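Q: Below you will find the structure I want to go over with you.
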Amino acid sequence: LGAYYLAVAVGGSLGGAFVALLAPRWFTGLWELPLSLVGMVAVMGALRGDALRRWLREAPRRDVLARAALPLFVLVRVLLGAGHDDGVTRLAVTRSPYGLYHVLQRGDVRELVSGTTRHGRQRVGDPQPLSYYHRAGSLGDAMTALAAPAGARTLGVVGMGVGAAAAYLTPGDRGVFFEIDPAVVSLARAHFRYLPDARGALEVVTGDARAQLAARGDHFDLLLVDAFAGDAIPTHLVTREAVALSLSRVRARGLLVFHVSNRFYDLRPVLATAARDLGLAGRWRERLQGLHPGEDPSRYVALARDESLLRALDGNDWHALRAAPDDPRWTDDHADPLALWRRGTASR
């Protein structure tokens with residue numbers, strides 16, 4: 001029994017190291033899973049080949065066909081699905097330790113996706129932002145609310161995607177994009193025009209955004225935290241301490257905006273509790289209807305020290321953000337995404 005657990009531990013360690021360190025360098029796709037399955041079948045065939053051949057000779061044909069039907073069906077289904085592109089052109093595939101990214105084009109719309117998560121899209125030849133960032137959406141409202149201050153605006157963005165937020169920069173503005181994955185930066189620059197065509201000064205900072213915000217001395221008129229669309233939430237960007245750090249990088253008359261669109265989690269209660277603890281005013285907006293082609297449903301939360309700045313948002317389906325007594329409080333010591341997911345599932 002001890003040898004069994006030792007083998008499981010060693011195999012898990014070696015497999016994890018291979019997937020995390022070597023596979024992103026060697027493969028452009030998720031090839032380690034099918035290769036592992038093929039290897040498993042080969043090893044089992046080599047070690048138990050005699051038993052398999054004896055079973056094939058002695059077992060009724062009905063049993064053999066019944067046990068082979070499901071694997072054959074799955075294999076055929078996978079092969080047929082791999083050849084079905086539904087009019088989509090794959091322009092690039094890149095893998096990094098953070099994910100597998102595809103640049104796809106449907107008609108004249110180009111998008112960056114990872115699994116089922118869309119990181120942004122752009123219509124070829126059109127500088128206007130699409131997806132979650134279109135001008136009729138919540139980010140457009142927030143940028144309009146900041147259109148009046150004297151002097152140029154400084155925009156900070158955590159989670160770059162394809163760089164669509166750069167479309168909001170005007171001459172004299174400055175934008176700082178924080179992106180943890182250099183592969184995303186390369187794809188955004190090579191296949192999308194938001195960054196190259198930005199009308200303001202632009203800086204891209206790679207690395208963990210929280211560490212970079214803590215180390216740098218930037219101060220923003222609007223800081224957009226946009227890293228929650230995927231299945232795995234970076235909880236260290238939405239704890240009370242993280243919100244306090246982000247707030248310290250926002251000017252007194254500035255906005256701290258969170259893009260919290262997610263299929264599984266509703267982060268509004270977490271942000272409501274953090275806002276209450278830090279003495280902030282908050283608004284939220286969810287836009288699900290009235291979308292044009294290329295626009296995606298979105299949910300945003302806006303926080304500010306001065307509630308008068310948020311009143312400019314009230315006339316466009318923005319709602320007051322208020323914490324309930326049972327809303328979760330996430331800190332650097334404790335955050336429970338699973339409980340939040342269960343709560344969101346129950347409420348639906």
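Q: Of all DSSP beta bridges located in the chain, what percent are antiparallel, nearest 5? Kindly include the intermediate steps, with their values, before the conclusion.
A: Details: 32 of 53 bridges.
In the chain, DSSP labels about 60 percent of beta bridges as antiparallel.
Q: On a 0 to 90° scale, report how tilted helix 32-47 is relative to the longest principal axis of the chain, with both axes built from alpha carbons and the result rounded to the nearest 10.
A: The angle comes out near 20 degrees.
Q: If you rank Trp31, Trp318, Trp284 by how much accessible surface each has, with a 1.4 Å probe, what is the order from largest down? Numbers along the way, then the final one.
A: Details: Trp31 140, Trp318 15, Trp284 55 Å².
So, going from the largest accessible area down, we get Trp31, Trp284, Trp318.
Q: Please compute the Kirkwood hydrodynamic radius over the stretch 85-208, one decimal place, Å, based on all pairs of different Cα atoms. Can you show the working numbers first?
A: Numbers: mean 1/r = 0.0669 Å⁻¹.
Value: 14.9 Å, from the Cα pair sum.
Q: Taking the chain as the reference, fit the longest principal axis to its C-alpha atoms, fit the long axis of helix 49-58 to the helix C-alpha atoms, and give the angle between the two in degrees, 0 to 90, nearest 10.
A: Value to nearest ten degrees: 70.
Q: Largest first, what is the accessible-area ranking of Asp327, Asp317 with a 1.4 Å probe? Mind dumping the intermediate values first?
A: Numbers: Asp327 20, Asp317 100 Å².
Solvent-accessible surface, decreasing: Asp317, Asp327.
Q: So, taking all protein chains as they sit and a 1.4 Å probe, how much accessible area belongs to Tyr101, in Å² rounded to tens?
A: Taking all protein chains as shown, Tyr101 has close to 10 Å².
Q: Oh, and also: Is it possible to state the helix-based mean residue ellipticity at 222 nm for the chain, with each DSSP H run of 4+ residues giving -39500 (n - 2.57), the sum divided by total residues, to the nearest 500 deg cm²/dmol? What is it?
A: Values: 12 runs with 128 residues, N = 348.
The per-residue figure over the chain is -11000 deg cm²/dmol.
Q: Write out the trypsin sites (Lys or Arg not before Pro) in the stretch 1-107 meeting two conditions: DSSP loop, and at most 15 other Cβ atoms within 10 Å of their Cβ.
A: On the way: sites: Arg25, Arg48, Arg53, Arg54, Arg57, Arg61, Arg62, Arg67, Arg77, Arg90, Arg95, Arg106; in loops: Arg48.
Sites meeting the loop and neighbour criteria: Arg48.
Q: Follow-up. Accessible surface of Phe73 in the full protein assembly, 1.4 angstrom probe, to the nearest 10 Å²?
A: 130 Å²
Q: Related question: Under 9 Å from the Cβ of Met143, count the other residues' Cβ atoms, weight Lys and Arg +1, Asp and Glu -1, and hand me the total.
A: On the way: positive: Arg135, Arg153; negative: Asp141.
Once positives and negatives cancel, what remains is +1.
Q: If I compute solvent accessible area with a 1.4 Å probe over the protein chains, what percent of it on the chain is carbon and sulfur? Write down the numbers at each step before the final one.
A: Details: 10970 of 18680 Å².
Carbon plus sulfur share of accessible area: 59 percent.
Q: Still on this structure: So what does Met40 come to for accessible area, using a 1.4 Å probe and Å² rounded to 10?
A: 100 Å²
Q: Ok, one more. The stretch 218-282: which trypsin sites (Lys or Arg not before Pro) are DSSP loop and have at most 14 other beta-carbon atoms within 10 angstrom? Numbers along the way, then the final one.
A: On the way: sites: Arg240, Arg249, Arg251, Arg253, Arg263, Arg276; in loops: Arg249, Arg263.
Of the trypsin sites (Lys or Arg not before Pro), the ones in loops of the stretch 218-282 whose Cβ has at most 14 other Cβ atoms within 10 Å are Arg263.
Q: By accessible area of protein heavy atoms, probe 1.4 Å, what ranking do Ser13, Ser261 get, highest first? Before the final figure, lay out each step's value.
A: Details: Ser13 80, Ser261 15 Å².
I get Ser13, Ser261, largest accessible area first.
Q: Rounding to the nearest 20 debye, state how big the charge dipole of the chain is about its Cα centre with +1 on each Lys and Arg Cβ and -1 on each Asp and Glu Cβ. Don't skip to the end; give the middle numbers.
A: On the way: 42 positive and 35 negative charges, 156 e Å.
Rounded to the nearest 20 debye, it is 740 debye.
Q: Around Val204, under 11 Å between beta carbons, what's the net of Lys plus Arg minus Asp minus Glu among the other residues? Walk me through the numbers on the way to the answer.
A: On the way: positive: Arg189; negative: Glu179, Glu203.
Once positives and negatives cancel, what remains is -1.
Q: With no solvent and one point on each alpha carbon, what is the Debye value of log10 I(q)/I(0) for the chain at q = 0.12 Å⁻¹?
A: So the normalised log intensities work out to -0.94.
Q: A further question on this structure: Would you mind estimating how fast the stretch 1-70 diffuses translationally, via Stokes-Einstein at 20 °C and 1.002 mPa s with the Kirkwood radius over Cα pairs, in µm²/s?
A: Values: Rh = 15.0 Å.
It diffuses with D of about 142 µm²/s by this estimate.
Q: Among Ala324, Ala164, Ala244, whose mean-square fluctuation peaks in a Gaussian network model of the chain (Cα, cutoff 10 Å)?
A: Ala324
The values are calculated or read from the model by the stated rules, or taken from the named source; none is laboratory data. Everything quoted here is computed from the prediction, not taken from an experiment. Glycine also receives a Cβ, built like all others from the backbone with ideal geometry; neighbour counts cover every protein chain displayed. Remember, those area values only see protein heavy atoms, side chains included, never the ligands or the DNA or RNA. Shrake-Rupley method; radii C 1.70, N 1.55, O 1.52, S 1.80 Å.
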